[in-house]
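The values are calculated or read from the model by the stated rules, or taken from the named source; none is laboratory data. Quantities reported herein were computed from a predicted structural model and do not represent experimental measurements. FYI the Cβ positions are ideal-geometry reconstructions off the backbone, even for glycines, and counts take in every protein chain you see. Side chains included, ligands, DNA and RNA excluded: accessible areas come from the protein's heavy atoms. Shrake-Rupley method; radii C 1.70, N 1.55, O 1.52, S 1.80 Å.
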Amino acid sequence: MMLIQIEQIFPSLTWKIRHEVMYPELPMDSVKLADDFEGIHFGVYLEHKLTGVVSLFNEGDVYQFRKLAILSDAQKSGLGTQLMNHILDFCKIQKASKLWCNARVNAKEFYYKFGFHETEKTFFKDGYDFVVMEKEL
Ligand SMILES: CC(C)(COP(=O)(O)OP(=O)(O)OC[C@H]1O[C@@H](n2cnc3c(N)ncnc32)[C@H](O)[C@@H]1OP(=O)(O)O)[C@@H](O)C(=O)NCCC(=O)NCCS
(Lines give C-alpha, C1' and ligand atoms only; values in the text may rest on other atoms or scores of the structure.)
Protein backbone atom coordinates (compact mmCIF):
# COMPACT_ATOMS: atom_id res chain seq x y z
CA MET A 1 0.00 0.00 0.00
CA MET A 2 1.27 3.46 -0.91
CA LEU A 3 0.57 6.42 1.34
CA ILE A 4 -0.76 9.30 -0.76
CA GLN A 5 -1.65 12.72 0.67
CA ILE A 6 -2.63 15.96 -1.04
CA GLU A 7 -1.87 19.26 0.71
CA GLN A 8 -2.06 22.91 -0.17
CA ILE A 9 1.57 24.05 -0.43
CA PHE A 10 3.63 27.25 -0.46
CA PRO A 11 4.25 28.57 -4.03
CA SER A 12 8.03 28.09 -4.01
CA LEU A 13 7.65 24.37 -3.27
CA THR A 14 6.35 23.89 -6.83
CA TRP A 15 9.42 25.21 -8.61
CA LYS A 16 11.82 22.26 -8.32
CA ILE A 17 9.30 19.70 -9.58
CA ARG A 18 8.04 21.99 -12.35
CA HIS A 19 11.62 22.46 -13.48
CA GLU A 20 12.70 18.79 -13.31
CA VAL A 21 9.58 17.43 -14.98
CA MET A 22 8.57 20.09 -17.48
CA TYR A 23 11.51 22.28 -18.49
CA PRO A 24 14.80 20.72 -17.28
CA GLU A 25 16.60 22.29 -20.26
CA LEU A 26 15.60 25.84 -19.28
CA PRO A 27 16.91 27.82 -16.31
CA MET A 28 15.11 27.27 -12.99
CA ASP A 29 13.81 30.84 -13.04
CA SER A 30 11.81 30.17 -16.19
CA VAL A 31 9.30 28.03 -14.28
CA LYS A 32 8.54 30.80 -11.76
CA LEU A 33 5.29 32.52 -12.73
CA ALA A 34 4.75 36.25 -12.27
CA ASP A 35 1.53 35.57 -10.39
CA ASP A 36 2.67 32.52 -8.40
CA PHE A 37 2.02 34.36 -5.15
CA GLU A 38 -1.60 34.98 -6.18
CA GLY A 39 -2.14 31.30 -6.96
CA ILE A 40 -3.30 28.33 -4.92
CA HIS A 41 -0.88 25.43 -5.08
CA PHE A 42 -1.33 21.76 -4.27
CA GLY A 43 1.19 19.00 -3.81
CA VAL A 44 0.77 15.25 -3.80
CA TYR A 45 2.95 13.48 -1.26
CA LEU A 46 3.92 9.86 -1.81
CA GLU A 47 5.25 8.26 1.38
CA HIS A 48 5.73 11.79 2.77
CA LYS A 49 7.79 12.93 -0.24
CA LEU A 50 6.54 15.73 -2.46
CA THR A 51 6.05 13.96 -5.81
CA GLY A 52 3.74 16.15 -7.88
CA VAL A 53 2.37 19.68 -8.05
CA VAL A 54 -0.33 21.77 -9.67
CA SER A 55 -1.20 25.47 -9.44
CA LEU A 56 -4.59 27.18 -9.66
CA PHE A 57 -5.34 30.78 -10.64
CA ASN A 58 -8.69 32.48 -10.94
CA GLU A 59 -10.33 35.52 -12.43
CA GLY A 60 -13.70 35.70 -10.76
CA ASP A 61 -15.32 32.29 -11.03
CA VAL A 62 -13.16 31.15 -13.94
CA TYR A 63 -10.24 29.00 -12.84
CA GLN A 64 -7.10 28.01 -14.71
CA PHE A 65 -4.69 25.31 -13.63
CA ARG A 66 -1.07 25.46 -14.66
CA LYS A 67 2.08 23.36 -14.42
CA LEU A 68 0.66 20.00 -13.48
CA ALA A 69 3.71 17.80 -13.05
CA ILE A 70 4.39 14.39 -11.53
CA LEU A 71 8.00 13.25 -11.03
CA SER A 72 8.88 10.92 -13.91
CA ASP A 73 9.56 7.85 -11.72
CA ALA A 74 6.05 8.16 -10.29
CA GLN A 75 4.11 8.89 -13.49
CA LYS A 76 1.31 6.63 -14.73
CA SER A 77 0.47 5.36 -11.27
CA GLY A 78 -2.57 7.51 -10.65
CA LEU A 79 -1.06 10.51 -8.85
CA GLY A 80 -1.90 12.97 -11.64
CA THR A 81 -5.47 11.68 -11.58
CA GLN A 82 -5.69 12.24 -7.82
CA LEU A 83 -4.39 15.81 -8.14
CA MET A 84 -6.83 16.56 -10.96
CA ASN A 85 -9.76 15.19 -8.94
CA HIS A 86 -8.62 17.28 -5.98
CA ILE A 87 -8.58 20.55 -7.92
CA LEU A 88 -11.91 19.72 -9.58
CA ASP A 89 -13.46 19.24 -6.12
CA PHE A 90 -11.78 22.44 -4.89
CA CYS A 91 -13.16 24.44 -7.85
CA LYS A 92 -16.66 23.09 -7.25
CA ILE A 93 -16.46 24.12 -3.58
CA GLN A 94 -15.41 27.61 -4.76
CA LYS A 95 -18.44 27.62 -7.10
CA ALA A 96 -16.22 27.98 -10.15
CA SER A 97 -18.09 28.10 -13.46
CA LYS A 98 -15.24 26.76 -15.54
CA LEU A 99 -11.77 25.22 -15.29
CA TRP A 100 -9.33 25.54 -18.19
CA CYS A 101 -5.70 24.95 -19.05
CA ASN A 102 -3.11 25.31 -21.74
CA ALA A 103 -2.62 21.60 -22.38
CA ARG A 104 0.44 20.11 -23.97
CA VAL A 105 -0.96 18.32 -27.00
CA ASN A 106 0.68 15.06 -25.88
CA ALA A 107 -1.27 15.20 -22.62
CA LYS A 108 -4.68 15.80 -24.29
CA GLU A 109 -5.95 12.25 -23.70
CA PHE A 110 -5.18 12.61 -20.01
CA TYR A 111 -7.52 15.61 -19.80
CA TYR A 112 -10.28 13.96 -21.84
CA LYS A 113 -10.63 11.48 -18.98
CA PHE A 114 -11.82 14.35 -16.75
CA GLY A 115 -14.32 15.75 -19.24
CA PHE A 116 -12.17 18.56 -20.66
CA HIS A 117 -12.76 19.41 -24.28
CA GLU A 118 -10.51 21.10 -26.77
CA THR A 119 -11.11 24.64 -27.92
CA GLU A 120 -9.93 26.07 -31.25
CA LYS A 121 -7.13 27.98 -29.48
CA THR A 122 -3.70 26.49 -30.14
CA PHE A 123 -0.15 27.82 -29.91
CA PHE A 124 3.50 26.81 -29.86
CA LYS A 125 5.77 27.82 -26.98
CA ASP A 126 9.16 26.69 -25.62
CA GLY A 127 9.27 23.70 -27.96
CA TYR A 128 5.77 22.36 -27.25
CA ASP A 129 2.41 22.50 -29.03
CA PHE A 130 -0.45 23.59 -26.77
CA VAL A 131 -4.21 23.57 -27.01
CA VAL A 132 -6.57 25.37 -24.68
CA MET A 133 -8.85 22.83 -23.02
CA GLU A 134 -11.76 23.57 -20.74
CA LYS A 135 -14.50 22.04 -18.67
CA GLU A 136 -17.73 23.64 -17.49
CA LEU A 137 -18.40 22.92 -13.83
C1 LIG B 1 0.58 14.25 -17.60
C2 LIG B 1 0.79 13.87 -16.14
C3 LIG B 1 0.50 15.04 -15.23
C4 LIG B 1 -0.20 12.71 -15.82
O5 LIG B 1 -0.01 12.29 -14.47
P6 LIG B 1 0.21 10.74 -14.16
O7 LIG B 1 0.26 10.57 -12.69
O8 LIG B 1 1.36 10.24 -14.97
O9 LIG B 1 -1.15 10.14 -14.78
P10 LIG B 1 -2.12 9.04 -14.14
O11 LIG B 1 -1.31 7.84 -13.78
O12 LIG B 1 -2.97 9.64 -13.08
O13 LIG B 1 -3.09 8.76 -15.38
C14 LIG B 1 -2.57 8.16 -16.51
C15 LIG B 1 -3.70 7.94 -17.46
O16 LIG B 1 -3.76 8.99 -18.42
C17 LIG B 1 -3.42 8.49 -19.71
N18 LIG B 1 -2.55 9.44 -20.39
C19 LIG B 1 -2.81 10.02 -21.56
N20 LIG B 1 -1.83 10.85 -21.91
C21 LIG B 1 -0.91 10.80 -20.94
C22 LIG B 1 0.34 11.43 -20.75
N23 LIG B 1 0.86 12.29 -21.65
N24 LIG B 1 1.02 11.17 -19.64
C25 LIG B 1 0.53 10.32 -18.72
N26 LIG B 1 -0.64 9.67 -18.87
C27 LIG B 1 -1.37 9.90 -19.98
C28 LIG B 1 -2.76 7.15 -19.45
O29 LIG B 1 -2.92 6.31 -20.54
C30 LIG B 1 -3.52 6.67 -18.23
O31 LIG B 1 -4.80 6.20 -18.61
P32 LIG B 1 -5.54 5.02 -17.81
O33 LIG B 1 -5.72 5.50 -16.40
O34 LIG B 1 -6.82 4.86 -18.55
O35 LIG B 1 -4.62 3.86 -17.90
C36 LIG B 1 2.23 13.35 -15.88
O37 LIG B 1 2.49 12.21 -16.65
C38 LIG B 1 3.31 14.39 -16.13
O39 LIG B 1 3.72 15.12 -15.24
N40 LIG B 1 3.83 14.44 -17.36
C41 LIG B 1 4.91 15.34 -17.74
C42 LIG B 1 4.53 16.80 -17.65
C43 LIG B 1 3.27 17.12 -18.42
O44 LIG B 1 3.11 16.73 -19.58
N45 LIG B 1 2.36 17.83 -17.75
C46 LIG B 1 1.12 18.22 -18.32
C47 LIG B 1 1.33 19.46 -19.12
S48 LIG B 1 -0.18 20.00 -19.84
Rounded to 5, the percent of DSSP beta bridges in the range 4-101 classed as antiparallel: 85
Sequence-distant aspartates and glutamates (8 or more away, or on other chains) whose Cα lies within less than 17 Å of residue 135: 59, 61, 89, 109, 118, 120
Rounded FRET efficiency, nearest 0.05, which uses the C-beta distance separating residue 48 from residue 106 and R0 of 30 Å: 0.50
Extended-chain gain in nm, criterion 0.36 nm per residue less alpha-carbon gap, residue 125 and residue 85: 11.7 nm
Dipole in debye (nearest 20) - the chain, about Cα centre, beta carbon charges: Lys, Arg +1; Asp, Glu -1: 220
Chain lengthening between residue 13 and residue 38 when straightened (0.36 nm per residue, less Cα-Cα): 7.6 nm
Residue 26/residue 1 FRET efficiency (R0 30 Å; Cβ-Cβ; nearest 0.05): 0.25
Accessible surface, 1.4 Å probe, highest first, among residues 113, 76, 92, 135: 76, 113, 92, 135
Reachable lysines from residue 49, criterion Cα separation under 19 angstrom, eight or more residues apart if same chain: 16, 67, 76
Alpha-carbon Rg with Dmax, taken over the range 4-101, Å: 12.9, 38
Rough spin-label spacing in nm, given labels placed 7 Å along Cα→Cβ, for residue 75 and residue 114: 1.6
Separation of alpha-carbon centers, the range 104-137 and the range 2-73, rounded to whole Å: 18
Length-normalised contact order for the chain - Cα pairs under 8 Å, 6+ apart - percent: 19
Sum of side-chain charges, residue 33 neighbourhood, beta-carbon under 14 Å (Lys, Arg +1; Asp, Glu -1): 0
